[in-house]
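Contents: one structure, followed by commentary.
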Amino acid sequence: MGQDVANKNGFNQSVPQWIQSLSRVKLLEVISSPDGPLARQVIEQADLIRSETMGAEVHLRGLVEFSNYCRNNCLYCGLRRDNRQISRYRMSPAEIIQAAEHGAQLGYKTVVLQSGEDPAFSGEIMAEIIREIKKLGLVVTLSMGEREPQEYQLWRDAGAERYLMRHETADEALYDRLHPGQTLAKRIFLLKTLKSLNYQVGTGFMVGLPGQTAETLLADLDLARQLEAEMVGIGPFIPHPSTPLGKDPGGTLEQTCIMVALIRIFLPYALIPATTALGSISTLGRESALRAGANVVMPNLTPRIHRADYQIYPGKICLGEEAAECRGCITRRITDIGRTVSDGPGHHPKWSPGS
Ligand code: 5AD
Ligand code: SF4
Ligand code: FES
């Protein structure tokens, strides 16, 4: 029955048949029992697959959170427009470029420019920022939410190679509830648009959202695979007190790690971050994800004065540390678990920039 996805990708023969065939019933069982013996097996296999497809290298991406203004009102997010409890900031183009320069000096090969959906950064302003950063020899990843296809095109032409925009949840009803005024169909359309523009595309989702089920999470994996996402970010939902979901329970380390492991099995060559959210709910959360199939970490490069204001969720780590300290800290953590920090651009192995 189940298609032999794994063997087609040349997995090691030791990967058990049931994982290779990805039987739905078994998958739902593992997702529902993230502490069980089956889950442990899945994580071991994912770690093995990661070492075969991607090796021991971990890719670091320096994250610049350049604006916390957002026109959206996602029910879970601390940056939602109705949250009057945070003070809003926008970095100037010069400050953004300076942060990228600092990243390059620290040894980063990629910078991720992330913001809320902030229309103040026009297509042209962003294109100019991207062109300047490209002069530094850095790979540019954007994470700015939903924009016009023409803007995505403009930024790709300016040199941006990657775009991160999680689908958040593949359950349409849940998506509607969590994202007033937004639709899952549009999100998927834009992710496909980004793919067609030859971006390396990152999707992803949160684990532990109120109303989410094992079925939903399986649909999340399926969607990421259908999209042939080059990157998949998976983090626990962390309730933010100044949002409508502030009193709901959050996702756990175990639930998140099993989803990281499964996405590695679904997409053997993907770039999968050990998310900051996971590091924020558990001291060794990122290490756990790196041992469950992840191979990317995104340390913070945002100037320290702004860090506390980029409060997507509470308890975010690295608020007090300078960029250099984070780089040192994460390097130690990576080598402590027997992995290496990559010195290359860390592109998806099947992506090429084109003409
Ligand atoms: N907890 C965890 N992750 C969150 N995000 C937004 N709000 C939260 C929260 N409360 C995630 C979303 C978004 C990414 C930038 O941060 O998945 O895509
Ligand atoms: Fe805005 Fe993104 Fe937060 Fe939604 S998740 S409110 S789009 S910053
Ligand atoms: Fe920022 Fe450890 S990664 S302090």
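Here, each number is a calculation from the coordinates, and none is a lab measurement. Values in this document were obtained by computation on a predicted structure and should not be read as measured data. A quick note on method: Cβ atoms are made from the backbone with ideal geometry, for glycine too, and the neighbour counts reach across all protein chains shown.
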**Report entry** Residue-averaged 222 nm ellipticity for the chain, from DSSP H runs of 4+ at -39500 (n - 2.57), nearest 500
**Finding:** -12000 deg cm²/dmol
Query raised in the report: For the range 60-103, taking Cα atoms only, what is the radius of gyration to one decimal and the Dmax to the nearest whole Å?
Result: 12.7, 35
Report summary line: In degrees rounded to 10, the 0-90 angle between helix 323-336 Cα long axis and the longest Cα principal axis of the chain is 10
Query raised in the report: So what's the angle, to the nearest 10 degrees on a 0 to 90 scale, between helix 253-266 and the longest Cα principal axis of the chain?
Result: 80
Report summary line: Pairs over 27 Å Cα to Cα, from 135/186; 109/316; 134/195; 195/247; 109/350; 186/247, come to 135/186; 195/247; 186/247
Requested in this report: Pick out, from 63, 30, 185, the residue whose Cα sits farthest towards the positive end of the charge dipole of the chain, with +1 on the Cβ of Lys and Arg and -1 on the Cβ of Asp and Glu.
Outcome: 63
Query raised in the report: Any idea what the dipole of the range 147-261 comes to, in debye rounded to 20, about its Cα centre with Lys/Arg Cβ at +1 and Asp/Glu Cβ at -1?
Result: 220
Query - Rounded, prolate or oblate (a/c below 1.5 giving rounded, otherwise prolate when a/b exceeds b/c) for the range 31-71 by Cα gyration tensor - result: oblate
Query raised in the report: Roughly how tilted is helix 149-158, in degrees to the nearest 10 and between 0 and 90, from the longest Cα axis of the chain?
Result: 80
**Report entry** About the Cα centre, charge dipole magnitude for the chain (Lys/Arg +1, Asp/Glu -1 at Cβ), debye
**Finding:** 140
Requested in this report: Compare the Cα positions of 173, 294, 150 along the charge dipole of the chain (+1 at Cβ of Lys, Arg; -1 at Cβ of Asp, Glu; about the Cα centre) and return the one farthest towards the positive end.
Outcome: 150
Query raised in the report: Assigning unit charges at the beta carbon (Lys, Arg +1; Asp, Glu -1) and nothing else, what dipole magnitude in debye, to the nearest 20, does the range 180-226 show about its Cα centre?
Result: 260
**Report entry** Projected area averaged over orientations for the range 300-349, convex hull of C-alpha atoms, nm²
**Finding:** 4.9
Report summary line: Note on the range 188-347: the mean projected area of its alpha-carbon convex hull, in nm², is 10.2
**Report entry** Cα-only radius of gyration and Dmax that characterise the chain, units Å
**Finding:** 19.0, 56
